[in-house]
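See below for the structure under consideration.
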Amino acid sequence: MRTIMTSLAAGVGFISLAAASAAPRADLRAAHAEIALLEARIDALERSATSGQQTVKAPFIVVDYDGSTILSVQGGANRRLWFGDDVKGGSVELTLTQEQGGVVSVRDPKNEVRAAMIASSWFGQFRATTHTHSAYLSADDQKDGAVLSLFTGEIPTARLRSGMEGHGAMILSDKGGTQLVRAGVLKGDGPLVGVVWTGPRTRAGTAGPPSFIQGAK
């Protein structure tokens, strides 16, 4: 009887030791599996970084070490990329809209638009609102051709344009917008002639003929 009990006790002890030693092995296998999974993810990230295949879904922002926004991207119908400093000011903005096409605008630290390139001759919303100087380059095949406009506040004081027919023209105005000098092309039956008008009598409705210089045919 004593022999049977001893054998049974020994057997129970063997079973307990076997169960206790199996648990660490299972944990170890799980740890190895998790490590292998992490290594696979790291490898995939490294491959995508070197091959340039990383994808970030818009909208998103990038902040500096102090939390200030230095880059923001917006998707959708009106796409926008903004780069600058939202604390100290100054920025470059690229937008793509259905109405205007591509637009590039540069703002100073006071958030005033100082320069812009626009794929349309419509630039109303980009005009400066104070008496700062700004420049705008636009192009529209349906209206004025390519136009370079220099502004003082909201008033264009100098404009250079190609015109719809490709004949260049220049317009100089005072700070109130009154045209004082216009240089362009006089069209007629014969050859084109260069003409320079000087004002202020250069507009329709002003009294008297304008002073001008006309080239010889």
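Structure notes:
- Restricting attention to the range 37-66 and to residues that are open to solvent by 90 Å² or more (accessible area, probe 1.4 Å) and among the β-branched types (Val, Ile, Thr), the residue that is modelled with the highest pLDDT turns out to be 61.
- Failed condition for residue 9, given (1) at pLDDT 80 or above; (2) open to solvent by less than 100 Å² (accessible area, probe 1.4 Å): (1)
Condition check ((1) surrounded by 10 or more Cβ atoms within 10 Å (Cβ to Cβ); (2) at pLDDT 85 or above; (3) farther than 30 Å from residue 136 by Cα) across all residues:
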| site | (1), (2), (3) |
| --- | --- |
| 1 | no, no, yes |
| 14 | yes, no, yes |
| 17 | yes, no, yes |
| 28 | yes, no, yes |
| 73 | yes, yes, no |
| 85 | yes, yes, no |
| 93 | yes, yes, no |
| 100 | yes, no, no |
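- Considering only residues in the range 133-181 that are in a loop (DSSP other than H, G, I, E, B), under 25 Å from residue 110 (Cα atoms) and open to solvent by less than 30 Å² (accessible area, probe 1.4 Å), the one that is modelled with the lowest pLDDT turns out to be 153.
The values are calculated or read from the model by the stated rules, or taken from the named source; none is laboratory data. This structure is a prediction, so every number in the text was calculated from the model and none was measured. Note that we place each Cβ from the backbone using ideal geometry, even for glycine, and neighbour counts take in every protein chain shown. To get the accessible areas, we keep the full protein, side chains included, count just its heavy atoms, and leave off ligands, DNA and RNA. Shrake-Rupley method; radii C 1.70, N 1.55, O 1.52, S 1.80 Å.
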